[in-house]
1. Which one of these is closer than 16 Å to residue A:73 by Cβ and not in a strand (DSSP E or B): A:30, A:41?
2. List every residue pair whose Cβ atoms sit under 6 Å apart, with the two residues 6 or more apart in sequence or on different chains, where the first one lies in the stretch A:27-52 and is more than 9 Å from chain B (Cβ to nearest Cβ) and modelled with pLDDT under 90 and the second, anywhere, is part of a loop (DSSP other than H, G, I, E, B) and surrounded by fewer than 20 Cβ atoms within 10 Å (Cβ to Cβ).
3. Do we find that residue A:110 is part of a strand (DSSP E or B), more than 10 Å from chain B (Cβ to nearest Cβ) and closer than 21 Å to residue B:108 by Cβ in this structure?
4. Could you tell me whether residue B:113 is over 13 Å from the mean Cα position of the chain (by Cα), crowded, with 16+ Cβ neighbours inside 10 Å and more than 10 Å from chain A (Cβ to nearest Cβ)?
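The values are calculated or read from the model by the stated rules, or taken from the named source; none is laboratory data. None of these values were measured; they are calculated from a predicted model. Cβ placement follows ideal geometry from the backbone for every residue including glycine, while neighbour counts extend to all protein chains displayed.
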């Protein structure tokens, strides 16, 4: 079965420190990969995507993600965390054979302490 | 660009009544719209995929007679929760697809059934 795993329910980091939110996937073919962020009682906001090309993708608000095909991972990173980055982050995958459907991970809550 | 709106943002209704939620793509024509349901502290669950002018495709386990979806135009899709019950209380999120694999999400509608 195709799936997306976000192994950490919550990630805690101090402001100014680098952050990583992990995501691994299990899908057939060459998937499209996405990261979204959700603030309380809001819909999801697009952060970045990987379709093809450079494995390091840069997105909104200083976030980036690295696609690793051999490890089937797409970890989200930011060199210096801000308190305002505290939110719920979702990794999503669109399998190559999918008709626009996205498979979401369970979400990781990021808490950046001052 | 690529803004999706939802109306209402929150609604409270009595058990047994029906509620309609609108999803609009404001500045683009969406090939496909999606409806998701999100329970507290959980990921998004895809309910159905909606294409303009055709019947929606429902995910397994989603009652199509209870969750009526109408995709009247390339910029509007509606979800009607019929004969709502307290267990239908949830956060409903729509998204619209502009480019391959990329979905833009609405801000969500919180439904509370009393």
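1. Checking each option against the conditions leaves just A:30.
2. Partner pairs satisfying both residue conditions: A:27/A:2; A:27/A:95; A:29/A:96; A:30/A:96.
3. Numbers: part of a strand (DSSP E or B): yes; more than 10 Å from chain B (Cβ to nearest Cβ): yes; closer than 21 Å to residue B:108 by Cβ: yes.
Yes.
4. Working: over 13 Å from the mean Cα position of the chain (by Cα): yes; crowded, with 16+ Cβ neighbours inside 10 Å: yes; more than 10 Å from chain A (Cβ to nearest Cβ): yes.
Considered against the rule, which asks whether it is over 13 Å from the mean Cα position of the chain (by Cα), crowded, with 16+ Cβ neighbours inside 10 Å and more than 10 Å from chain A (Cβ to nearest Cβ), residue B:113 comes out as yes.
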